[in-house]
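Structure first, then comments.
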Protein chains: 2
Amino acid sequence: MTPDEARARFAAARVARLATVGADGRPHLVPIVFAVDDDRIYSVVDAKPKRTTALQRLVNVREHPAVAVLADYYEDADWDALWWVRADGTGRIVDPGGDEGRRALVRLAERYPQIQPTGDVLVVDVDRWSGWAAAAPRDL
Amino acid sequence: MTPDEARARFAAARVARLATVGADGRPHLVPIVFAVDDDRIYSVVDAKPKRTTALQRLVNVREHPAVAVLADYYEDADWDALWWVRADGTGRIVDPGGDEGRRALVRLAERYPQIQPTGDVLVVDVDRWSGWAAAAPRDL
């Protein structure tokens, strides 16, 4: 899969999973909603999740900025339809009141009218878009 | 969410995402099909994925056994239905021809009749089942 196709599939997905690495070297993994802007992925903690869990990803990114974000499609009945795309990059924490933070919140609210952002914005600067599809793409 | 509830939701999911850490300290993330047996998660590389990508997770586990595995449910129309469960544990590579490897392959084939296992089996010994649900559970 080409990087452009991987990015297009990623940008169209509704949910992804964010992997970070803790100070103890262990991987940490949470689902995120997100918006893609060129080679950046924006996400923010929604008001709903537990605060302690929500913050671990930000603590980790400050310690270890390398992150991976994955979107995938699974269907029991047709494994030829399976695909996944991954963004490998560097995370940074952005003030929601700054220029980039405000842009991120606008993009997230466009995609998810129900979102209730709280706290800082996580921006991932993507170095590499990659992916795999079981069969040739049908609609991309 | 209690550990027992997290494990029950996890065991019933059809796809999960495996996070490992590479020798370079970067997180690596792939979707997996799996079977849960008590506090162990079995997975195996299917014949379909690209071989190079498929092996990275095993290289990482040998270097850094700490892994995280996530299953989640997402629905645009009803964020009160959202949940996720995470298994934090230790990965190890098992010979598919040994006792545990054969048991893993049987369990995987029971869950996924279409699976075509290839190569080694990854077993995750889970230390901690945790999770979050937006609303009170409806059917567990």
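The values are calculated or read from the model by the stated rules, or taken from the named source; none is laboratory data. It should be emphasised that the depicted structure is a prediction, and the values quoted were computed from it without experimental measurement. Every residue, glycine among them, receives a Cβ derived from its backbone with ideal geometry; neighbour counts consider all protein chains shown.
Selection of first residues in segment B:64-79 that are in contact (Cβ under 8 Å) with a residue 60 or more places away in the chain and within 7 Å of chain A (Cβ to nearest Cβ) and of second residues that are crowded, with 23+ Cβ neighbours inside 10 Å and among the basic types (Lys, Arg), restricted to Cβ pairs under 7 Å at least 6 apart or on distinct chains, gives an empty result.
Looking only at segment B:41-63, residues that are buried (at least 20 other Cβ atoms within 10 Å of the Cβ) and either farther than 19 Å from A:Trp132 by Cα or modelled with pLDDT under 95 (or both) come to 8 in all. On inspection, B:Ile93 does not qualify as touching a strand residue (DSSP E or B) at 6+ places or on another chain (Cβ under 8 Å), part of a strand (DSSP E or B) and buried (at least 22 other Cβ atoms within 10 Å of the Cβ). Would you be able to say whether some residue in segment B:34-43 is outside any loop (DSSP other than H, G, I, E, B), at the interface with chain A (Cβ under 7 Å from one of its Cβ atoms) and within 26 Å of A:Asn60 (Cα to Cα)? Looking for residues that are outside any loop (DSSP other than H, G, I, E, B), at the interface with chain A (Cβ under 7 Å from one of its Cβ atoms) and within 26 Å of A:Asn60 (Cα to Cα), one finds none in segment B:34-43, hence no.
When restricted to residues that are out of contact with any Asp or Glu (no Cβ under 9 Å at 6 or more places or on another chain) and among the charged types (D, E, K, R), segment A:103-122 contains 2. Entry remark, segment A:6-30: residues being part of a strand (DSSP E or B) and either touching a residue at least 24 places away in the same chain (Cβ under 8 Å) or surrounded by fewer than 23 Cβ atoms within 10 Å (Cβ to Cβ) (or both) number 8 in total.
Taking segment B:72-84 as the range and being crowded, with 19+ Cβ neighbours inside 10 Å and part of a strand (DSSP E or B) as the test, the residues that pass are B:Asp72, B:Trp83, B:Trp84. In this structure, A:Asp99 does satisfy being modelled with pLDDT of 95 or more and of a type outside the set (S, T, N, Q). Each residue in segment A:13-38 was checked for being modelled with pLDDT under 95 and among the acidic types (Asp, Glu), and 1 pass.
Of the residues making up segment B:107-140, those that are more than 13 Å from chain A (Cβ to nearest Cβ), loosely packed, with under 12 Cβ neighbours inside 10 Å and at pLDDT 95 or above number 1. In a strand (DSSP E or B), more than 7 Å from chain B (Cβ to nearest Cβ) and either modelled with pLDDT under 95 or closer than 15 Å to B:Arg17 by Cβ (or both), is that true of A:Ala87? Against the criterion (in a strand (DSSP E or B), more than 7 Å from chain B (Cβ to nearest Cβ) and either modelled with pLDDT under 95 or closer than 15 Å to B:Arg17 by Cβ (or both)), A:Ala87 qualifies.
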